[in-house]
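The values are calculated or read from the model by the stated rules, or taken from the named source; none is laboratory data. Small disclaimer: the values here were computed from a predicted structure and weren't measured. Please note: Cβ atoms are built from the backbone with ideal geometry, for glycine as well, and neighbour counts cover all protein chains shown.
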Amino acid sequence: MKTILHISKYYYPDLGGIETVAKYLAEGLTEFNNVVICFSTDKKYHEDEVNKVKVYRIPVTFSFMSQDVAFKYFHYLQKIIKMHKPEFVHVHCPNPFVYPLVVKAIDKNTKLIMHWHSDILAKGVMYNIIKPFEDLALRRADLIIATSPNYIEYSKPLLKHRDKVRVAQNGLITSDFNPQPGDEERIQNIKDKYRGKKIVYFVGRHIPYKGIDCLIKADQYIESDCVILIAGKGPHDKQLKKIPCSDRVKFLGRLSDEDLRCYSHAADIFAFSSVTKAEAFGVALIEAMYCKSVPVVFNIKGSGVNWVSIAGETGEEVPLKDIKAYAKAIDKILSDGNLQHKYAEAAYKRITENFTTEIAVSVMNDIYKSL
């Protein structure tokens with residue numbers, strides 16, 4: 001059985017979009033022996049097993065500009081490669097600190113896969129420092145994985161290597177969003193709490209590229225009788241709460257997994273208001289669409305958002321940062337029950353047919369076999 005060494009910044013039980021993808025691939029690619037190396041969160045070295053996957057966690061020496069640095073990383077990487085002799089090394093990007101270390105540690109017969117979740121967004125001096133390491137890894141890579149075809153066209157690093165780029169979509173763990181015992185009552189309680197009004201719902205980290213300010217500003221133009229529920233937290237909280245708006249805009253804070261699932265099912269519209277390519281794919285988007293919450297999105301050049309949700313088929317799409325158009329799209333859906341039902345069913349179908357973990361793993365399995 002051939003071995004895949006997955007390199008992720010973190011790994012379960014540490015949670016995040018990339019961590020989720022790394023986990024379902026390591027657990028789902030069962031025709032291979034899967035091993036994971038990642039950073040630890042407590043500055044200690046650990047070896048453990050997660051659902052039969054061997055995980056090595058390397059202590060972080062310090063962090064700089066959201067990038068962890070570990071002085072002993074190369075030592076452990078060499079040791080793990082010598083022990084497991086992987087035929088494939090699968091690096092989840094961005095993680096520029098590890099790029100030169102991986103290229104140096106593997107031999108010419110080892111296949112290197114760069115899983116391109118997002119470009120590095122740093123600009124100026126910082127990116128100029130990182131870029132040579134990024135170029136080195138991309139040149140050495142046998143294959144580069146993009147999470148959507150849209151992203152390739154607007155990513156400068158990928159365009160230079162597009163001949164070896166393949167698309168492998170992210171997947172939804174459907175069991176996390178299937179209704180559980182007691183959910184029906186909880187969903188009804190959410191609807192009753194807002195007196196049966198239509199629910200426009202957002203969930204995500206409160207940071208600038210999520211465009212939550214656009215959603216709040218759209219409130220003044222939305223004519224439908226609805227509530228606008230904003231879940232999640234983040235460093236942008238205080239600024240967002242200062243934006244003038246009506247009292248139908250409610251901040252819910254961070255939700256439990258159970259509440260996240262139930263609010264997704266209770267919502268009529270999922271206001272996915274991201275405004276930059278930093279939103280490379282939209283995991284929250286596929287979650288909401290699976291729960292039949294109809295998406296309203298902006299058109300973002302180079303983002304997978306507009307590949308996941310199809311304009312006029314699974315939801316509405318409007319010009320970037322056009323707040324009035326965003327409000328009008330929400331009104332269009334809320335004022336037409338047949339249209340809302342049509343979009344909701346099409347959104348659910350799009351996810352179940354294209355964006356589950358089973359499908360994502362199958363696509364990646366075929367890619368590995370092709371290598």
> Is it the case that region 347-366 has a residue that's under 20 Å from W116 (Cα atoms), out of contact with any Phe, Trp or Tyr (no Cβ under 7 Å at 6 or more places or on another chain), free of Cβ contacts under 8 Å to residues at least 12 places away in the same chain and not β-branched (V, I, T)?
Replying inline: yes
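Listed here are the residues, each with its yes/no results for (1) modelled with pLDDT of 95 or more; (2) aliphatic (A, V, I, L, M); (3) in the same structural domain as G211 (by TED's automatic domain parsing).
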site	(1), (2), (3)
S264	yes, no, yes
A267	yes, yes, yes
F272	yes, no, yes
V275	yes, yes, yes
A280	no, yes, yes
A284	no, yes, yes
Y290	yes, no, yes
G302	no, no, yes
>> Quick test for you: out of S148, S66, pick the one residue that is hydroxyl-bearing (S, T, Y), under 26 Å from K23 (Cβ atoms), crowded, with 19+ Cβ neighbours inside 10 Å and under 22 Å from the mean Cα position of the chain (by Cα).
In response: S148
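Determine which member of the set Y209, Y201 is assigned to a helix (DSSP H, G or I), within 19 Å of the chain's Cα centre (by Cα) and assigned by TED's automatic domain parsing to the domain that holds A266. Walk me through how you get there before you give the answer.
Numbers: Y201 fails: assigned to a helix (DSSP H, G or I).
On inspection, the qualifying residue turns out to be Y209.
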>> Testing D225 on (1) touching a Lys or Arg at 6+ places or on another chain (Cβ under 6 Å); (2) buried (at least 19 other Cβ atoms within 10 Å of the Cβ), one condition comes back false. Which one is that?
In response: (2)
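Rundown of residues vs (1) surrounded by 14 or more Cβ atoms within 10 Å (Cβ to Cβ); (2) in a loop (DSSP other than H, G, I, E, B); (3) not assigned by TED's automatic domain parsing to the domain that holds Y24, yes/no style:
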{"residue": "K82", "(1), (2), (3)": "no, no, no"}
{"residue": "F97", "(1), (2), (3)": "yes, no, no"}
{"residue": "D107", "(1), (2), (3)": "no, yes, no"}
{"residue": "V125", "(1), (2), (3)": "no, no, no"}
{"residue": "A137", "(1), (2), (3)": "yes, no, no"}
>> Tally up the residues in region 141-175 that are assigned to a helix (DSSP H, G or I) and touching a residue at least 24 places away in the same chain (Cβ under 8 Å), please.
In response: 8
>> For region 176-222, which positions are without any contact (Cβ under 8 Å) to a residue 12 or more places away in the chain and among the small types (G, A, S)?
In response: G182, G196
>> Every residue in region 277-306 that is surrounded by fewer than 18 Cβ atoms within 10 Å (Cβ to Cβ) and of a type outside the set (G, A, S), please.
In response: N299, K301
